[in-house]
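Engineer: Before anything else, here's the structure in question.
What follows draws every value from the coordinates through simple rules; no lab data is involved. Predicted model, so just to flag it, every value in this text is computed and none were measured. Cβ placement follows ideal geometry from the backbone for every residue including glycine, while neighbour counts extend to all protein chains displayed.
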Amino acid sequence: MAVKIITDSISDISAEVAEMHGIEVLPIEYLIGGTYISAFDLTVDALVKWIRENKRTPDLRGISVDTYRKTFEKYVKQGMEIVCFTTGSLTVSNYSCALHASTLVPAGNIHVIDTHQISTSIGIMAIKAADMAKSGESANSIAIRFERSMSKFRQYGLADSVEFLEYSGHCPKIVAFGSNLLNAKFEFSVYDDQKFDVKYIGNSMSKALPTYFKDVFKNLTAIDPKKVFMTHTFSDEDYFAELYKKVLGLNYFEEIIVCGASLHSTSLYGSSGISVAYQLK
């Protein structure tokens, strides 16, 4: 039986990559100007402008039980099994809503997985699951494999400043204040339950990039070589291109997947940021 992979828009998966891998991406919503706006209808420019004016990230509204139910029903009626990867339950209510919705579609074989993660980490999980589905694995097999390997996924970001990390509550204000004065660039690691480890690595992107690359791939042989997932925000194409060439030059990964960062990732590291995610062996 065919398997459908479903996730949400925090995953950093672009429409093009979602179509290529057969993944359904459902949009969360952002409270902007007193109105909740779908992630598919809100521009990056508008989000960045709102955050800078309000000095905080906007409130989020997760995907409703009804939306999940209708989505699940659509694929179950097509005779498909489902594996749904949700953003970590500490960020939005997607996990609980998807789990509830799965009970409302009793005819379906539906597995809902709380990734305990955000952004690029979720994206690579969903993409790898989609490949397993194409190779003929069942929903049960895919879900079990991910439940056992969840702790092996890693995500590393590079931010032009800690301004947006401060607004989202992931960086103390006193650190952000001093760092912004120094034009500091920061590397951050994301762990289970959206915990951040932030580290200063230079006062320019050109100086920070080599350190970031070295840190992210320092234990290369411990990384699963099948895939690496890389994302960037809209103003960092030049530095991202340099990083991409370095990763390509490793001659290690079978596939390098590239997407523009989602609105949620942009809300964390602003208009200039890079993120890399992969799975350990």
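Engineer: What base-10 log of the normalised intensity I(q)/I(0) is obtained for the range 1-82 from the Debye formula, alpha carbons as equal point scatterers, at q = 0.23, 0.25 Å⁻¹?
Structural biologist: Once normalised to I(0) and log-transformed, intensities are -1.11, -1.22.
Engineer: What ranking do LYS128, LYS134 get, fewest neighbouring Cβ atoms within 10 angstrom at the top?
Structural biologist: Ordered by Cβ neighbours within 10 Å, fewest first: LYS134, LYS128.
Engineer: A further question on this structure: Extending each Cα 7 Å along its Cβ direction at SER204 and GLN78, get the distance between those two points in nm, one decimal.
Structural biologist: For the pair SER204/GLN78, the computed spacing is 5.0 nm.
Engineer: Per DSSP helix of 4 or more residues, -39500 (n - 2.57); summed, then divided by the residues of the chain. What does that give at 222 nm, rounded to the nearest 500?
Structural biologist: Rounded to the nearest 500, the figure is -12000 deg cm²/dmol.
Engineer: Ok, one more. List the lysines whose alpha-carbon lies under 17 Å from that of LYS74, not counting same-chain residues fewer than 8 positions away?
Structural biologist: Counting by Cα, and skipping residues close in sequence, LYS74 has these lysines nearby: LYS4.
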